[in-house]
Amino acid sequence: MKNCTSQKSAAVTALFKLTFLVIILTCSCRKVSIDLPATAFNEAPLSEQTDLSKATVFICINGSSGFDTHGILYALNAETGAKRWEYDLHGFIFNTIPCISDSAIYILSFSRGGGTNYLHAIDIATKQQKWKVAVSPGFSYGVNNTSSPCINGRLVYVATYKTVYAFDKKNGRKEWETVIPGQDYLKQSSTIFYSSPTVVDGVLYIGSPAKPVANHLFALDAKTGKIKWQSSTASYLLLQSSPCVSGNTAYIAMGDSLNAIDTKTGQLKWHFYLAYSINSSPALAGSEVYAWGSSFLGYYLYALDTATGIPKWAYKGPDNFTYPDPFIKERIAYHAFGDGLHAIHAETGTTKWIAPIATKGLCSTGGVIYATTSGSGTFNGLYAISRSDGHIRWKFSFGEDIIASSQPVILIEPGRTIYPEASGMSQ
């Protein structure tokens, strides 16, 4: 009976995938609409009374001026884009997102000599370093600082090379370290943590760095570092997604599908085939989870029911790619495609506006979207974009070519910070 049930389930899943594929192939518009019961959208309204003049946007860049490559942390006035201050990390960064707690900002870098990763704690008021600790040995140049730090309680967590670490955020003292099982890391070049940790209800969730062996979602005890489980499902493709958690379910893009995993057991609840290449993290809002995928069919943003994985709609972008994370605010989904930033009605999957701006990381507050862009030969900086109509309010130039940059983080006031979806702090 069990085998028969399993075969029936597999057949139903295959039939659903085929049906959805036919819908996408026969649709020529931007939105694919599926006739499903409407789901409640419970996103709490964002206060538009934010005093942006007192808010600060933080962003890290890996700049290149001639033969000099360097990591810089910028602090900008959220209202005007004026630079408040900058901090030289004396090293490099690669897409890692800073996090903030108790008037300090934490960021991961690697040394200019190559190899060793460092976790920095910088006092926001004094602009001075509080402490700095090495968090991995010096192996190959630029290894493992794609993952972003995460803070929960008194601990700051970071993943580099093959290991997850927990440090005391006040003094940088190491509390524990846990090696994530997988391949023989010393014999493999691809051991980078693209996934960032997130902590919910005392459990740390993170995708494994291992490749080409099976990549899993791992759950660790946030207090001790002990591994509680690894997911029953796995991917043999590079895992570049960070998990998001709601209730008893963790959502993460693994290889070619979005997976919903039981947070108690690590068992797969459902998965939805997205594409051959998933390079971004999902976003949760109300009863939907949003994820991006690409294949020979094109580039799509999907809105899926969190309980079932059934798609509510699929929004087709232009046939050129980028690797952003969707960002949801006040019933609007924002997503960067190759032709610019798209604002999409989250209820219907229809276009609100398109801003022809080459953007990457997104974060928003006070009716403004803050979006990074980088690349030689284009504008290298940060945009402030109106959420209502997509017009540019201001832009800040980094004044040099950018090898890499973080997504922006917005400090509204002490204890109130807005994070992009790829950060474990967005939970």
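For the peptides 302-315, 346-359, the ranking by mean Cβ contacts within 10 Å, running from highest to lowest, is 302-315, 346-359. Look at Asp325, Asp51 and count the other Cβ atoms within 10 Å of each Cβ; fewest to most, that gives Asp51, Asp325. Computed from phi, the 3J(HN,Hα) profile of region 240-245 under the Karplus parametrisation 6.51, -1.76, 1.60 (θ = phi - 60°) reads 10, 9, 9, x, 10, 10 Hz, with x in place of Gly and Pro.
Report note on the peptides 105-111, 332-338: ranked by the mean count of other C-beta atoms within 10 Å, highest first, their order is 105-111, 332-338. Listed by Cβ neighbour count within 10 Å, with the fewest neighbours leading, Lys132, Lys174 appear as Lys174, Lys132. Summarising the amide proton neighbourhood of Val135: residues at separation of 5 or more, or on other chains, whose placed amide H is nearer than 5 Å comprise Asn117, Tyr118, Leu119. For Ser148, Ser103, Ser294, the sequence from fewest to most other C-beta atoms within 10 Å is Ser103, Ser294, Ser148. Calculated FRET efficiency, Asp221 to Arg173, Cβ-Cβ distance, R0 = 22 Å: about 0.75 to the nearest 0.05.
Computed from the coordinates by the stated procedures, all read-outs in this text should not be read as laboratory data. Keep in mind it's a predicted model, so treat the numbers as computed, not measured. Methodologically, a virtual Cβ is constructed for each residue, glycine included, from the backbone with ideal geometry; neighbour enumeration extends over all protein chains shown.
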